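Below you'll find the structure, written out as structure tokens, and then a few comments.
The values are calculated or read from the model by the stated rules, or taken from the named source; none is laboratory data. Since this is a predicted model, take the numbers as computed values, not measurements. Counting neighbours? That spans all protein chains shown, and the Cβs are built from the backbone with ideal geometry, glycine included.
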Amino acid sequence: MKKKITATAVAVVLVLTLVTTYMVYAQAGDDSDPIISLSYLKEVFAPEIKEELTFKVVTVESGKTVVCGAGTEVIQRMGTSEIVATEKGGIADTTVGTDLQNGTQTPSNHLLIIPVADGRGFKTSTECIFMIKGKYEIK
């Protein structure tokens, strides 16, 4: 019984020593593992995330092409444009569950998702207003 109590006492002392040593020598953060402050979360991180999660209203002139990145979401609100697709496929119309192929007229008020960043997008034939969430470039 004494051996059991002694072994338990030694284990407790060892654990307390390790915890104390860690608390004394561990640093709160450094260049390789910095601490994130609440002000950074509120002033920098949250606005960046909010911008990534919200649609931007983008007006595109007639004759221009909107080239989108992978995962970009687009809703055409005004105007006429056609789908720019590639040999790998078209643009996902999640509103009706179809794949829109090259040259198809872009449906208004449908949520469209670009699956791959390989040049897919929209070529405008009139001035268009798009709501875009994600990466895009107007050419």
query: Of these, Thr59, Thr17, Thr6, which one is within 24 Å of Lys133 (Cβ to Cβ) and at pLDDT 70 or above?
result: Thr59
query: Can you spot a residue in the range 101-115 that is part of a loop (DSSP other than H, G, I, E, B), touching a residue at least 24 places away in the same chain (Cβ under 8 Å) and in contact with a Lys or Arg (Cβ under 6 Å, 6 or more places away or on another chain)?
result: yes
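Quick check on my filter: what residues within the range 34-72 are hydrophobic (A, V, I, L, M, F, W, C) and over 24 Å from Lys123 (Cα atoms)?
Matches in the range 34-72: Ile35, Ile36, Leu38, Leu41, Val44, Phe45, Ala46, Ile49, Leu53.
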field: Search result, residues across the range 62-100 that are in a loop (DSSP other than H, G, I, E, B) and more than 14 Å from Phe130 (Cα to Cα)
entry: Gly63, Gly69, Ala70, Gly71, Ala85, Glu87, Lys88, Gly90, Thr94, Thr95, Val96, Gly97
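What about Gly89, is it touching a Pro at 6+ places or on another chain (Cβ under 9 Å), at positive phi, surrounded by 15 or more Cβ atoms within 10 Å (Cβ to Cβ) and at pLDDT below 95?
The answer is yes for Gly89.
Can you tell me which residue among Glu51, Glu73, Glu82 is of a type in the set (Asp, Glu), under 22 Å from the mean Cα position of the chain (by Cα) and surrounded by 12 or more Cβ atoms within 10 Å (Cβ to Cβ)?
Glu73
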Selection from the range 116-128 of residues that are assigned to a strand (DSSP E or B) and either among the basic types (Lys, Arg) or exposed (fewer than 15 other Cβ atoms within 10 Å of the Cβ) (or both): Lys123
task: Give just the number: which of (1) surrounded by fewer than 10 Cβ atoms within 10 Å (Cβ to Cβ); (2) modelled with pLDDT of 70 or more; (3) over 30 Å from Gln105 (Cβ atoms) does Ala46 not satisfy?
output: (1)
